[in-house]
1. Return yes or no: is residue 184 part of a strand (DSSP E or B), open to solvent by 10 Å² or more (accessible area, probe 1.4 Å) and within 30 Å of residue 312 (Cα to Cα)?
2. Looking at 388, 372, 406, 347, which is the one that is farther than 21 Å from residue 70 by Cα, modelled with pLDDT under 95 and of a type in the set (S, T, N, Q)?
3. Among (1) modelled with pLDDT under 90; (2) touching an Asp or Glu at 6+ places or on another chain (Cβ under 8 Å), there is one condition residue 241 misses while meeting the rest; what is its number?
4. Among the candidates 289, 271, which residue alone is among the hydroxyl-bearing types (Ser, Thr, Tyr), modelled with pLDDT of 95 or more, under 28 Å from residue 414 (Cβ atoms) and within 21 Å of the chain's Cα centre (by Cα)?
5. When you scan the stretch 323-380, how many residues do you find that are touching a Phe, Trp or Tyr at 6+ places or on another chain (Cβ under 9 Å), of a type in the set (A, V, I, L, M, F, W, C) and either open to solvent by 70 Å² or more (accessible area, probe 1.4 Å) or assigned to a strand (DSSP E or B) (or both)?
6. Which residues, taken from the stretch 220-238, are over 18 Å from residue 275 (Cα atoms) and touching an Asp or Glu at 6+ places or on another chain (Cβ under 6 Å)?
7. Residue 339: among the basic types (Lys, Arg) and farther than 16 Å from residue 396 by Cα, yes or no?
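The values are calculated or read from the model by the stated rules, or taken from the named source; none is laboratory data. This is a predicted model, so every value here is computed, not measured. Quick reminder, even Gly has a Cβ in these numbers, built from the backbone with ideal geometry, and neighbours come from all protein chains shown. Surface accessibility is based on the protein's heavy atoms, side chains included, excluding ligands, DNA and RNA. Shrake-Rupley method; radii C 1.70, N 1.55, O 1.52, S 1.80 Å.
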Amino acid sequence: MDFTHSAAAFFLLALLFSTAKAIDPCAAQSDGSDLSVIPIYGKCSPFVPPKQDSWVDTVITMASKDPERLKYLSTLAAQKTTAVPIAPGQQVLHTANYVVRVKLGTPGQQMFMVLDTSNDAAWVPCSGCAGCSSTTFSPNASTTLGSLDCSGAQCSQVRGFSCPATGSSTCLFNQSYGGDSSLSATLVQDAITLAADVIPGFTFGCINAVSGGSIPPQGLLGLGRGPISLLSQAGPIYSGVFSYCLPSFKNYYFSGSLKLGPAGQPKSIRTTPLLRNPHRPSLYYVNLTGVSVGRVRVPIPPEQLIFDPNTGAGTIIDSGTVITRFVQPVYLAIRDEFRKQVNGPFSSLGAFDTCFAATNEAEAPAVTLHFSGLSLVLPMENSLIHSSSGSLACLSMAAAPNNVNSVLNVIANLQQQNLRIMFDTINSRLGIARELCN
């Protein structure tokens with residue numbers, strides 16, 4: 001090869017390399033208020049998936065932890081001062097599904113925090129944490145860290161705070177999470193950087209010790225409705241509005257997005273009212289009025305869907321549950337109608353009890369969720385999941401755990417994938433629009 005051809009080849013390789021760098025899907029954002037929403041075991045996530053045969057097996061494993069998540073959601077209540085025992089232990093990730101890249105402190109320390117719409121407080125593992133992962137936030141390395149004592153209003157806003165009856169001391173809190181885990185933390189303040197936005201004096205928990213397998217290794221970013229959530233602390237910066245588009249778990253190389261604030265939200269979007277439960281103020285309740293399978297409106301007694309603040313009954317939108325769960329009578333009615341319209345026989349696969357030969361998939365009816373003001377027809381990829389061999393297709397929903405607190409219907413993240421879900425807390429509305437999130 002002569003010099004001209006060699007130079008041309010070298011230039012082409014350099015161009016390809018620079019282009020690849022320019023479109024690196026894992027590169028941190030440099031402008032705007034959009035954050036990448038990364039599947040916990042995606043290419044851009046630092047977390048290693050459990051050893052499974054396929055992404056389907058990973059989803060089945062994650063979905064097996066949903067009952068613990070639902071039990072946890074059912075126990076959420078307005079502020080209580082309670083102590084949660086902490087026993088340091090080795091941590092294994094169980095329930096986190098999507099993470100966002102943020103920076104805490106000055107200079108910023110990068111953390112991949114779990115996105116959770118049903119929690120208010122943010123918390124991260126700090127240096128010296130017992131039972132935490134090796135990646136921690138170092139308070140001593142930040143020049144803008146501030147402490148909070150029990151006299152601060154923020155202390156009483158965090159669930160499980162602990163303060164003496166008299167005098168002043170550092171604000172400590174204990175919380176349970178995910179149904180089988182707990183943490184002990186100190187409330188602090190520091191700058192948080194979200195894409196191009198810097199929020200000074202952001203209040204969050206600095207974790208001292210964890211117990212159990214569900215505490216996210218690099219922390220949690222609470223997007224709930226309470227006074228200490230990110231939305232409330234950001235105030236006019238985001239005007240109480242955010243949206244996300246969750247990518248499919250099977251798209252290893254892609255990320256979705258979290259849009260903070262009213263700018264850039266869809267101009268045309270169907271909405272349904274957000275309902276507020278004073279006894280469970282963090283949760284995003286919506287009014288689910290019915291479910292259709294194909295052209296059949298499933299006969300569901302209204303009292304099994306009705307919103308009841310006193311009991312906590314109703315339907316919520318949640319980013320931390322994997323597959324949509326209905327209270328048992330509602331799920332059985334949906335499942336039975338689905339089975340009527342598809343040729344069996346039916347078998348089970350993990351949490352899914354309505355699996356059938358994939359060759360019959362063309363017969364599978366669409367599932368439509370009816371809310372006040374809008375109806376959402378789920379795409380097949382949101383209502384069916386396939387076995388790793390591809391021979392089975394399964395209805396990707398299940399019954400809520402059968403315990404005394406199972407009064408919640410939860411619209412989970414598998415059914416939200418490739419949709420733009422917008423939360424407008426000021427106008428109390430939830431919007432849904434089609435969008436390819438990858």
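1. So residue 184 passes the test.
2. None of the other options fit; the residue is 388.
3. That leaves (1) as the condition not met.
4. Just one listed residue meets the conditions, 271.
5. Matching residues across the stretch 323-380 total 3.
6. The answer is 220, 222, 228.
7. When the stated conditions are applied, residue 339 does not pass them.
Results for (1) farther than 27 Å from residue 70 by Cα; (2) touching a helix residue (DSSP H, G or I) at 6+ places or on another chain (Cβ under 7 Å); (3) of a type outside the set (Ser, Thr, Tyr), shown as yes or no for each residue.
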{"site": "100", "(1), (2), (3)": "no, no, yes"}
{"site": "107", "(1), (2), (3)": "yes, no, yes"}
{"site": "115", "(1), (2), (3)": "no, no, yes"}
{"site": "135", "(1), (2), (3)": "yes, no, no"}
{"site": "152", "(1), (2), (3)": "yes, no, yes"}
{"site": "159", "(1), (2), (3)": "no, no, yes"}
{"site": "164", "(1), (2), (3)": "yes, no, yes"}
